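Taking it in order: structure first as structure tokens, then the write-up.
Here, each number is a calculation from the coordinates, and none is a lab measurement. Bear in mind the structure is a predicted one, so any value in this text is a computation, not a measurement. A quick note on method: Cβ atoms are made from the backbone with ideal geometry, for glycine too, and the neighbour counts reach across all protein chains shown.
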Amino acid sequence: MARRSTPLLRRLLAPSPSPTPSTPLAGAASRRTVTYMPRPGDGAPRGVTLIPGDGIGPLVTGAVRQVMEAMHAPVYFETYEVHGDMPTVPAEVIESIRRNKVCLKGGLATPVGGGVSSLNVQLRKELDLYAALVNCFNLPGLPTRHDNVDIVVIRENTEGEYSGLEHEVVPGVVESLKVITKFCSERIAKYAFEYAYLNNRKKVTAVHKANIMKLADGLFLESCREVAKKYPGIQYNEIIVDNCCMQLVAKPEQFDVMVTPNLYGNLVANVAAGIAGGTGVMPGGNVGQDHAVFEQGASAGNVGNEKIVEKKRANPVALLLSSAMMLRHLQFPSFADRLETAVKRVIAEGKYRTKDLGGTSTTQEVTDAVIAKLD
Amino acid sequence: MARRSAPLLRRLVSASSPPALQPLPGHGGGLARRTVTYMPRPGDGTPRAVTLIPGDGIGPLVTGAVQQVMEAMHAPVYFETYDVHGDMPTVPPAVIESIRRNKVCIKGGLATPVGGGVSSLNMQLRKELDLYASLVHCSNLPGLPTRHEGVDIVVIRENTEGEYSGLEHEVVPGVVESLKVITKFCSERIAKYAFEYAYLNNRKKVTAVHKANIMKLADGLFLESCREVASKYPSIQYNEMIVDNCSMQLVSKPEQFDVMVTPNLYGNLVANTAAGIVGGTGIMPGGNVGQDYAVFEQGASAGNVGNENIVEQKKANPVALLLSSAMMLRHLQFPSFADRLETAVKRVVAEGTYRTKDLGGTSTTQEVTDAVIASLD
């Protein structure tokens, strides 16, 4: 009887062109089974420096901590208090990051106009985190005006317009130096193409304004072109930043990986984040040769306004997804998958959304929902 | 078995349409690629060297398939190939040297003569490099119908001692003793690896397989070690099962198993049974890992080099080694390439046009390989 039912079974289960083969995996799209073979000892907990920061920072980093505990992730946090009004980032914090190699932080408030230079930028320069990466993509279940967005913005993080070299020539006349070096342009281009290669991306777009700043952005473009030659399998093109911003809001699906100098990267990342759902949901981080600091993707220095802090309505999704990137960076892919899946389920369901996504939930409600959706 | 297929048949016949689940936007539905965010360190794209041992029998066929697919993907991996055959007295030191340098190896099977002759070179390699854990992941592949559904078992098998110690002697002519050695050291570390694996991969249950009712001291020691380690992982369920009952349960209710930790011989049998119920040893990925090195090969029955027929007609199934090489890419921290390779292989298996004989088809190794390369995105 068994022998007679097997051909029958086989016929019934025979794959058909459209949905049948897809459904088992579509159902498992929420949790995919892949085979990892960890090395012995890979489960040993790792230390991560945590900087709550200012404004909404403590709220969202608190959310990450709760979710990490709920998952029993093999990560423990060394927390340091740093505020935007300190003159420099305290030496022990830098020490801790050098030791742990990985840091997660909320934003540090930077005063407008006079006052100290941005501690966010200081941290990046001190640790030579020369690449900032923001992944802007449509989240399933979150309707936006633009579909099919999947852009990774790789932004040079240490020079350009953010060199911080300004001086008053004569009273009433200020010069601000924008510095572009071959060294930094080359390494950011190398990182962008290596990223594209490792992640099966098809195209890298360099964003520039070399028609006006012929030497500065020209040098940047030259470096990009040199590196592009070494990756013949990846398409490379260049786009002027003003046209780029317009194209982003008109036809964002043409962009894949974008490599940019410092300022344009900031703007392009914010625009790309905005069209795909907002800076409250996009993950990102900063990486250098030796260290990695994870924070909200775009607009990381934005610490929110008083109202959001008071009502505790900051969106923790961006930092949660960035902490999933961090788990992957620390080589805990299974935990990263679980966290991402839970966060995406909460967003897709749509019941617990903070104000920037059109809902009314508080940070804690969203965090609890994510913890409930962990498997 | 008949009793089990009837409800299955009934369910299939009565099922109207599969449960609808909205495909993720931006994906092509079905076995599409998922987007996750990786932030590689600078320099992560540097090519890595991997030792390649084609082996005997079907070995060169299937390792050739892996080589072709890696090239097609432009994976940042290059192979240092060494010829090793099962009839050599030992594994050449140059090969061991190479694996010690590269830390990672992928190999086809090495033929082991039955009865007299040299000891298995596969075993030698594992002992020399102290690859104490062997891992086989047996799960249903989408689109491949089998008699058992809902199977997702990982068999973690102690790889260096037990019945495979190779210590045999003839006491008097006509009487042979074979020593099965179980040590606390080895049992403890395999139990630790199994629980750590379960913790890292969000598995809920670990089952220890034994025959301690008969071999009270030997398997008893194994069980003791497992129990000690289990007490350190309170959130993971732990139970024990006698190997004969286990074999029966595997073929009647395989969904009760999750991670299984076993000594050497039982592990071999359990892994082969588990592989068999979900489609055969031709498609299950697996590998051997130790503190410092990892050797990837066909999951279960890795020493099986096929028969002459298959080798002549070039109809060996490359799927197992392709999936193992995806595990290897993940081990080398190239997750994106691993995802692409796995997706392509699963698409080919699901589609069903190119299947080798063990899956019910008639394709050759090369046809399956070409199909996988064509399915890469």
| field | Descending Cα extents along the principal axes, the stretch B:147-278, whole Å | value | 51, 36, 23
| message | Over 28 Å between Cα atoms: which of A:101/A:209; B:103/B:192; A:178/A:307 fall into that group? | response | A:101/A:209; A:178/A:307
| message | Taking the Kirkwood radius as the inverse of the mean 1/r across Cα pairs, report the Rg/Rh of the stretch A:270-375. | response | 0.97
| field | Förster radius 45 Å - calculated FRET efficiency between residue B:216 and residue A:202 (Cβ-Cβ, nearest 0.05) | value | 0.15
| note | From the Cα centre of the stretch A:333-375 to that of the stretch B:139-200, the distance in Å is 41 Å
| request: Normalise the Debye intensity by I(0) for the protein assembly as shown, one equal point scatterer per Cα, no solvent, then take log10 at q = 0.07 Å⁻¹ and round to two decimals. | output: -0.55
| request: Please identify, among A:171, A:74, A:58, the residue showing maximal mean-square fluctuation in a Gaussian network model of chain A using a 10 angstrom Cα cutoff. | output: A:171
| Simple spin-label model, 7 Å along Cα-to-Cβ: residue A:183 to residue A:349 in nm? | 5.1 nm
| request: Report the label-to-label distance for residue B:374 and residue B:80 in nanometres (one decimal), using points 7 Å from each Cα along the Cα→Cβ vector. | output: 3.7 nm
| note | Per GNM of chain B with C-alpha springs under 10 angstrom, the most fluctuating residue out of B:129, B:200, B:341 is B:200
| field | Pair residue B:251, residue B:68: separation of 7 Å Cα→Cβ label points (nm) | value | 3.6 nm
| query | Where in the stretch B:333-360 does the amide nitrogen come within less than 16 Å of the point 7 Å from the Cα of residue B:304, taken along Cα to Cβ? | reply | B:356-360
| For the protein assembly as shown, calculated [θ]222 nm from helices alone, where every DSSP H run of n ≥ 4 adds -39500 (n - 2.57) | -12500 deg cm²/dmol
| said: Looking only at the stretch B:147-278, where both bridge partners belong to it, what percent of the DSSP beta bridges are antiparallel (to the nearest 5)? | reply: 30 percent
| note | Restricted to chain A, the DSSP antiparallel beta bridge percent, nearest 5, is 50 percent
| chain B: relative contact order as a whole-number percent, Cα under 8 Å and 6+ apart | 20 percent
| When chain B is modelled as a GNM with alpha-carbon springs shorter than 10 Å, which of B:345, B:172, B:84 fluctuates the most? | B:172
| said: Ratio of alpha-carbon Rg to the 2.2 N^0.38 Å globular estimate for chain B, to two decimals, please. | reply: 1.01
| query | Nearest-5 percent of antiparallel DSSP beta bridges in the protein assembly as shown? | reply | 50 percent
